[in-house]
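Q: Let me give you the structure first, and then I'll get to my questions.
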Amino acid sequence: MDTTSREKLKGFGFMFLSSSLMGGIGAFARYIEAPGMFISFTRSFVGFIGMILIFAVAGKLYKVKQIKFSPTIFLSGIFLGLLSGLYVWSTQLTTLSNAAFLIYTGPIYSTLLATIFLKEPFTKLTAASLVAVFIGCLLIIGIISNGENGIEMSLSLDPKYMKGNLIALGSGVAYGLFLFFSRYRGDVDSDVRSFFNFLFAICTIGIILLFMQPDLSQMTSRGWIVLIIAATVTGFGAFFFLTVASKILLASELATISYQETIMATLLGIALFAEPITGMQMLGGALIILGGVSQIFFAMKKPKQSESLENK
């Protein structure tokens, strides 16, 4: 295995870890009494503190000072905050399936943007893999299901969910833009990029919280403990691995593996809450695995160097 192939495999591994860890936020949130936007703020804040500790222990704070700053570094952090905050907020205002469907349009946007503006390759195989995992996502979150009259689409367009649906759509756009802008500045170390991602994410969500003024009076001791654990696992861990992966993989490769998150969320629902799983959901999981494995196989077979766009 040559150096490029090993680097690709490492990127896929980090993306798999990231999406798996992020899949746990829904399970954690059931034990946290805080509003969704505050949960999102804590995820990024703990990530930021974690990066400071890592730099301090390793004596590498100088790396942050030496970076040549550019707008894309600022924008990736802004959209990280928005995708996290808007998604959790939307789950409180619309159905979970609506929120999940709309945020998972994000990887499609990033793939299209990278193909147009970054000239990243978009082959028929890539398209087939992306379609497979997206359909798998629709099956596993219940948008496509087997009803009494055959195959049904259950996306709810009830007017009462309009606000939540728009917020969820915004989270999807933010997700796509985060992945897109993360493809710039490949010259910046992943740990430094993560530091700035967390910094600008907490600034973004913090500004929103100033206007929302969330009520934390219902928080219990258990809720605070679970919140810190969730922030460490689904915030610091998941977002750091995502930043590392985005430096290595193409946008389409990031998109394909990102849908693993829905499989992890489903498995946690079964293990922790005895939630039932249907045949259609199992089919959806199989499509996600098939699409992801095929993308990894062909990327390793014909490795492509990721494009490093500096000073943009």
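The values are calculated or read from the model by the stated rules, or taken from the named source; none is laboratory data. Just so it is clear, the model here is predicted, and its values are computed rather than measured. Backbone-built Cβ (ideal geometry, glycine too); neighbour counts: all protein chains shown.
Q: Which pairs turn up if I take residues in region 272-299 that are free of Cβ contacts under 8 Å to residues at least 40 places away in the same chain and look for partners that are hydroxyl-bearing (Ser, Thr, Tyr) and surrounded by 15 or more Cβ atoms within 10 Å (Cβ to Cβ) with beta carbon separation below 8 Å, at least 6 apart in sequence or on another chain?
A: Glu275/Thr266; Ile277/Thr266
Q: Looking at region 173-218, which of the residues that are among the small types (Gly, Ala, Ser) and either under 23 Å from Lys63 (Cβ atoms) or modelled with pLDDT of 95 or more (or both) is surrounded by the most Cβ atoms within 10 Å (Cβ to Cβ)? Can you show your working first?
A: Within region 173-218, the first condition is being among the small types (Gly, Ala, Ser), and the residues that meet it are 174, 176, 182, 186, 190, 194, 201, 206, 217.
When the remaining residues are screened for being either under 23 Å from Lys63 (Cβ atoms) or modelled with pLDDT of 95 or more (or both), the result is 174, 176, 182, 186, 190, 194, 201, 206.
Values: Ala174: 24, Gly176: 25, Ser182: 27, Gly186: 17, Ser190: 19, Ser194: 25, Ala201: 30, Gly206: 15.
This residue is Ala201.
Q: To continue, here is another question. Just to verify a result, which residue in region 90-141, among those that are β-branched (Val, Ile, Thr) and not in a helix (DSSP H, G or I), is nearest to Leu250 (Cα to Cα)? Spell out the reasoning first.
A: Let us first name the residues in region 90-141 that are β-branched (Val, Ile, Thr), namely 91, 94-95, 103, 105, 108, 111, 115-116, 123, 126, 131, 133, 135, 140-141.
Checking the rest, the ones that are also not in a helix (DSSP H, G or I) come to 91, 94-95, 105, 123, 141.
Details: Thr91: 29, Thr94: 32, Thr95: 31, Thr105: 17, Thr123: 12, Ile141: 26 Å.
Among them, the one singled out is Thr123.
Q: If Ala286 passes every condition in (1) under 27 Å from Ile202 (Cα atoms); (2) at pLDDT 95 or above but one, which one does it miss?
A: (1)
Q: Identify all residues within region 128-152 that are within 20 Å of the chain's Cα centre (by Cα) and modelled with pLDDT of 90 or more; write none if there are none.
A: Quick first cut of region 128-152, residues within 20 Å of the chain's Cα centre (by Cα) only: 129-143.
Passing the criteria: Ser129, Leu130, Val131, Ala132, Val133, Phe134, Ile135, Gly136, Cys137, Leu138, Leu139, Ile140.
Q: Hey, could you check region 33-78 for residues that are over 16 Å from Phe236 (Cα atoms) and charged (D, E, K, R) and say which is modelled with the highest pLDDT?
A: Glu33
Q: Considering each of Leu166, Leu157, Leu82 in turn, give the residue that is touching a helix residue (DSSP H, G or I) at 6+ places or on another chain (Cβ under 9 Å), in contact (Cβ under 8 Å) with a residue 24 or more places away in the chain and either among the hydrophobic types (A, V, I, L, M, F, W, C) or farther than 22 Å from Phe45 by Cα (or both).
A: Details: Leu166 fails: in contact (Cβ under 8 Å) with a residue 24 or more places away in the chain; Leu157 fails: in contact (Cβ under 8 Å) with a residue 24 or more places away in the chain.
On inspection, the qualifying residue turns out to be Leu82.
Q: Please state which of the following conditions Val57 fails to meet, knowing it meets all the rest: (1) part of a helix (DSSP H, G or I); (2) farther than 27 Å from Gln281 by Cα; (3) touching a Phe, Trp or Tyr at 6+ places or on another chain (Cβ under 9 Å).
A: (3)
Q: Among the helices (runs of 4 or more DSSP H) lying completely within region 155-253, list those that include at least 3 residues that are of a type in the set (Val, Ile, Thr).
A: Numbers: elements: 162-181, 190-212, 221-230, 238-248.
Hits in region 155-253: 190-212, 221-230, 238-248.
Q: Report whether or not Tyr87 is within 30 Å of Asp158 (Cβ to Cβ) and part of a helix (DSSP H, G or I).
A: On the way: within 30 Å of Asp158 (Cβ to Cβ): yes; part of a helix (DSSP H, G or I): yes.
Criteria met by Tyr87.
Q: For region 137-152, name all the residues that are touching a residue at least 12 places away in the same chain (Cβ under 8 Å) and more than 14 Å from Ser97 (Cβ to Cβ). Please lay out each step first, then the result.
A: Kept after step one, since they are touching a residue at least 12 places away in the same chain (Cβ under 8 Å), are these residues of region 137-152: 137-146.
Asn146 - this is the single residue of region 137-152 that is touching a residue at least 12 places away in the same chain (Cβ under 8 Å) and more than 14 Å from Ser97 (Cβ to Cβ).
Q: For region 1-47, what are the residues that are under 17 Å from the mean Cα position of the chain (by Cα) and of a type in the set (Lys, Arg)?
A: Scanning region 1-47 gives a single hit, Arg43.
Results for (1) in a helix (DSSP H, G or I); (2) under 19 Å from Met15 (Cβ atoms); (3) among the polar types (S, T, N, Q); (4) at pLDDT below 90, shown as yes or no for each residue.
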position	(1), (2), (3), (4)
Leu272	yes, no, no, yes
Pro276	no, no, no, yes
Leu290	yes, yes, no, no
Val293	yes, yes, no, no
Phe297	yes, yes, no, yes
Met300	yes, yes, no, yes
Gln305	no, yes, yes, yes
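Q: Is it true that Gly50 is within 27 Å of Leu157 (Cα to Cα) and either in a loop (DSSP other than H, G, I, E, B) or among the small types (Gly, Ala, Ser) (or both)?
A: Details: within 27 Å of Leu157 (Cα to Cα): no; either in a loop (DSSP other than H, G, I, E, B) or among the small types (Gly, Ala, Ser) (or both): yes.
The answer is no for Gly50.
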